[in-house]
Every structure is written in structure tokens, then in C-alpha cells.
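Below is one structure, written out as C-alpha cells; the observations come after it.
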């Protein structure tokens, strides 16, 4: 609770600058955000694209005979991207920052997001990308992708089905390169089979229907399929002699060929690896104070005016020592667009005050987690008396009603959140209002009544008694040093629960101990964040016992994931949820998936298996006022590697 004093100061500061996040000249992303082909664009708008334009720096190379003309560099069917605000103009750098090699996620979020498919900006829809279209057949077991004819790697070589087959045959099926087969590429524990139909058609075949394959393919997981065979085969024993490989391994001072292969296939360690991105690296990370990417002359997307993208000439990552240095660069106007490291609540007021000097504006990043705090009673608790109490839904209803969410939001989250259960966000196609608002009101009188009804009477000291006559107490376990807001929220929850007669202790502990205790079912109550507010189907850990991250029922999830061979069999309602989710994975109809997921969430609303506190406060990023086509908000999640789904290749400078 010591941090509340500083937070209250921040509240006052934020009150002085309230509304600044809304003062943005940027727009919402267009709908649709793209058209798969020029023909699709013409059919939808009545407008045609008959010629193509290119950046002046590329036009000069064409003039010098160093580069083919733009119409020969683009594929037969380029993808048409709709700008957020305006058709951009060519030129300029995107100046941003990185903390070095360990910060490679920022590279993946900005310049590396080109798979067969991708997320539309709304995070609800999967749209074409390298694949112009796809067909699902055999009741969802077979996925056939049609690649764009004529796409070229950044070195001018053609991208074809052979590149996907190289990934499948020589990387995925090679035990030294892929010791463990990725679960998302299996059904019923059987691996996918990939077939080349022709140079521009590739087929994925599963033994069972795979209803989540497209969604998973749109996440960063799907980026690994795209590998340049013509370049990478020189580092593979199937195509290169042992003598040559050994010589290269020795030259690189490595111990084996598969480490060499991995390094050469990692573009931040190897700037020579051909790419299909809008920009390509000119150096490797760590070779200097800047990591610089320049436009890819063979990029395969255009805008509605026929301009080859990207608009910006370069992306320049300044390598900084820490977040404080990044903050200073932002305040000095040395960053064009960024939403990482320095964008904390504590720094918001400082950045707001420096807005005029730095000539930047704010944009909003919306976390996709549905709740900043998830309170999970261990429904598999080893103490049989506590287990019986925790599994009484009226007990969970009461403990939720006892929590003053408004006070937590005001004191811990600066008033920038909304009371919310563990339920999909409003922006999600799976939004479930009844679950989101179930038992979120602050009603200690009703909480006391429910606790009385289930026989938990108060003792002489006001503490309720268990059925065995012992005082009713619970221990909330929390990872120490991880999220200060969780500690503050727990202190308030302790106060609320003790007010209704439940003795509460808070136990901070090392993360490794926390994990070992929750997996073995030793915890009583745990605190974590609520993943899955938008990525509902891909991350349902709080909606039913889906994985080892389902803190509410470690033994039920084990039963589910072992096919009943381990763990404990759950009650009928939970088994029904598991059956419904299995059905979701077996259907490729999004409409049917929504209906099935609604039934899972209906059961949650009836039972409240976990307790949510509030939505996550919105985050923010900064963007220079002359840096355009940046939407005023995007989602913040790894499975939606923001800002990439907002199409950074259409950002430009005025």
C-alpha cells in the first residue's frame, strides 16, 4: 500500500493532462483494410489500377539498369492496402529504438509480419497475405492455399511452394532442427502433412478437422513457415556436403551444423538472408549503434493509386542502453513512432508535458487481456474442507460481491479501467455481457447473506467458521517483484474479504515456486492477469481448464490434456465446456465457433469459476505529428504483434 501515495500524485498529474490521449489527428483503420487483388478492389469499388509507381530511389536504380522496372518486380496480383488517412508520399525514416538483441520482439512487431495470412486490424478476422486465397475441404481437415504468382524475395528470386516445402521437409521434419513437433500443427497428436500441388499451390492435411489452424497461422507462429530455400539450403546437410558444412561451422566458431543453420535463418543475426518484408536489414544487430533497414525493391503490396509500398525509405532502430534513454529521445523529438519500454503510467504525465517540445501526439494501445487481475480459487485444493467451500458457487459469488472494484480502479489503476469479470472484451466477436457483469457490483450485504446461506457462520471474533469448526482463512499467493499493481490490489482485496469474515493472508513468492505450487495443486488462491480478451479461441485458459496456466483447476486441466489418463475428472458442467471446445477445434465455421463458445461462456456466467476485477488500463504510444497513417488505437498482444497488423508499410511522413 506504500505505493498508493505516489499513485495519488499521479492521479492529480493525470487530471491536469486528462484528454490528451484523445487529441490525435490519426484515424481509425479502414474497413476493409485491404483487397486481396486488384480485381477484388475493382469489383468492390468500381475503380481500377492500371499502372504502378515506385519510390524515387528505386526509379533511379531502374534508370541505371541496376533494377528491373516496377511492373516486373511486383507479382501478377499484388495485394492492395487501404491507407488509414491518405495516400502517402515516398521518403524519410521511421526512427524508433531497441534495447538490443534481447529486444528482438520489437523487430518482429514492426518489420516481420508476413505469413500466408495475417490478422485484419480488428483482430477478429484472418485475411489473405502471401496466400491470395484458400480453400477448406474434407470437413476442415484440408487447407489449400493459392500463393500469389510472381512474388520475389528481397534478392529478386521467386517465392514458390518449394519454399514452404523446404520448411516442412527439411526443417519441421528434421529432428535436429525441430526436436519437438509444434502442437498447433497436429490434430489428435498426429502431425500435419504438407503437399506441393504446383508451384503456387500448397496443401496442409490434418487427420482431424482443425478449426483453429487459420487463426494460429495469423499469429507469429505462422511466420516460421516462410523460408528461402534457394539461400538456406547451402547450410543444410541434405543439399551441402559434410566437408563444406564443417568448414562453415568452424569458420563461424560453432559446434554443429544445426546451430549454424539457425543463425543463418535468423535475420537479425544474418543480414544476407532474403526476406519478403517491406524493408530489409543493411547490418546485423550489435554491429553498430544503429540497426538500419531499407526499403525492399521487391515488396509485393500497393496502395489504391498503384504506388508500390512501403512509403518510408528506412526503419532506423537506435540501440539504447535502457528505457530511461528511450524516454529522453522521445522527449527530444528523436522518435517518430514507438509504443514500448518507456510508455508506462508513471511516464505519461512527463510525456504529456513534453508533447509540444517533442512535437508528438499520443495513440492508444488496448491490451487484449480481459482483466488486469484474475483471482483464482483452487477448485482442486488438497484440503477437502477448503475444496468443498471453493467449489460452492455461492461462495465464489459472495467473494466477488465483497470486492469494491471502483476503489481498486481508482487507487491502483488511476481510474482508467472498468469493472469486469473474466470475459471477452467488448471489441471481441465473442463478447458476453452477462458474464462480463456477473456479480461485479460492490454489495457486502449480499455477500454476507450468501456466506450465511452456505453455513459459514461467524465466530465470536467475527471470523467465519469452516464446517469442521476451524476459522475460515485463505492465502493469496502472488509472484513477488513482478506486478506492483497486483500487490496493491491484493491488499485491498484482503480488506474486503476480512470485512465479510474471511481471514486473508498475502504470500509473495518467487515465480518458480509459484509455478511449482500451482501445477501440483497446492495453492489456495492465486493472482494472475486475464489473457484471452480478444484471442478467445486461442487462449481460453480462464474460460475452462484448458492448460497448465488454468490456475483455477490444475488437476482438471491435466485430465483434459491427458485424455483422462492423469489428473481428476471434472464435474459435468466443466466436462461440457471441454466437449464444446473440442467441437470448436473441429469446425472451420466461425459462426458455429461463436455459438459453441457462447455455450462455454454461459456455463461460466452460471458458475463464476474465476473472479475478474477490472479491464486493463489502456496503454499508449507516441507518434510525431508529421508521421501519418498511424491509427489512433490498436490492440496490444503478442498473438496480434502490434503494431504490425495496422500495416506499418503505409505509414509516411508529411
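Within segment 331-351, no residue satisfies the criterion of being crowded, with 24+ Cβ neighbours inside 10 Å and part of a helix (DSSP H, G or I).
Quick check, is residue 429 buried (at least 19 other Cβ atoms within 10 Å of the Cβ) and not in a helix (DSSP H, G or I)? Judged against the criteria, residue 429 is not a match.
Can you find even one residue in segment 529-545 that is assigned to a strand (DSSP E or B) and touching a residue at least 60 places away in the same chain (Cβ under 8 Å)? Checked against the condition, which is being assigned to a strand (DSSP E or B) and touching a residue at least 60 places away in the same chain (Cβ under 8 Å), segment 529-545 yields at least one hit.
Tell me, yes or no, whether segment 588-598 has at least one residue that is touching a helix residue (DSSP H, G or I) at 6+ places or on another chain (Cβ under 9 Å), more than 30 Å from residue 441 (Cβ to Cβ) and not in a loop (DSSP other than H, G, I, E, B). The answer is yes; a qualifying residue exists. Total residues in segment 340-392 satisfying the condition of being in contact with a strand residue (DSSP E or B) (Cβ under 8 Å, 6 or more places away or on another chain) and within 30 Å of residue 572 (Cβ to Cβ): the figure is 11.
Tallying residues that are more than 17 Å from residue 114 (Cβ to Cβ), part of a strand (DSSP E or B) and under 28 Å from the mean Cα position of the chain (by Cα) within segment 304-316 yields 2. Please determine whether any residue of segment 175-192 is crowded, with 18+ Cβ neighbours inside 10 Å and outside any helix (DSSP H, G or I). Yes, segment 175-192 contains a residue that is crowded, with 18+ Cβ neighbours inside 10 Å and outside any helix (DSSP H, G or I). Would you mind stating whether residue 304 is in contact with a helix residue (DSSP H, G or I) (Cβ under 8 Å, 6 or more places away or on another chain), crowded, with 21+ Cβ neighbours inside 10 Å, within 20 Å of residue 75 (Cα to Cα) and at pLDDT 95 or above? Criteria not met by residue 304. Selection over segment 82-102 of residues that are buried (at least 22 other Cβ atoms within 10 Å of the Cβ) and within 22 Å of residue 118 (Cα to Cα) gives a count of 2. Considering segment 506-528, and only residues there that are assigned to a loop (DSSP other than H, G, I, E, B) and surrounded by fewer than 17 Cβ atoms within 10 Å (Cβ to Cβ), the residue that is modelled with the lowest pLDDT turns out to be 520. If the condition is being surrounded by fewer than 24 Cβ atoms within 10 Å (Cβ to Cβ), farther than 20 Å from residue 108 by Cβ and touching a helix residue (DSSP H, G or I) at 6+ places or on another chain (Cβ under 9 Å), then segment 307-329 contributes 313, 327.
So, residue 210, is that one more than 23 Å from the chain's Cα centre (by Cα) and outside any strand (DSSP E or B) or not? Considered against the rule, which asks whether it is more than 23 Å from the chain's Cα centre (by Cα) and outside any strand (DSSP E or B), residue 210 comes out as no.
Among the residues here, residue 164 does not qualify as closer than 27 Å to residue 123 by Cβ, more than 26 Å from the chain's Cα centre (by Cα) and surrounded by 15 or more Cβ atoms within 10 Å (Cβ to Cβ). For segment 473-481, state whether one or more residues are more than 38 Å from the chain's Cα centre (by Cα), surrounded by fewer than 20 Cβ atoms within 10 Å (Cβ to Cβ), outside any helix (DSSP H, G or I) and modelled with pLDDT of 95 or more. Checked against the condition, which is being more than 38 Å from the chain's Cα centre (by Cα), surrounded by fewer than 20 Cβ atoms within 10 Å (Cβ to Cβ), outside any helix (DSSP H, G or I) and modelled with pLDDT of 95 or more, segment 473-481 yields no hits at all.
The values are calculated or read from the model by the stated rules, or taken from the named source; none is laboratory data. On a predicted model such as this, the values are computed, not experimentally measured, just so you know. Cβ: placed from backbone, ideal geometry, glycine included. Neighbour counts: every protein chain shown.
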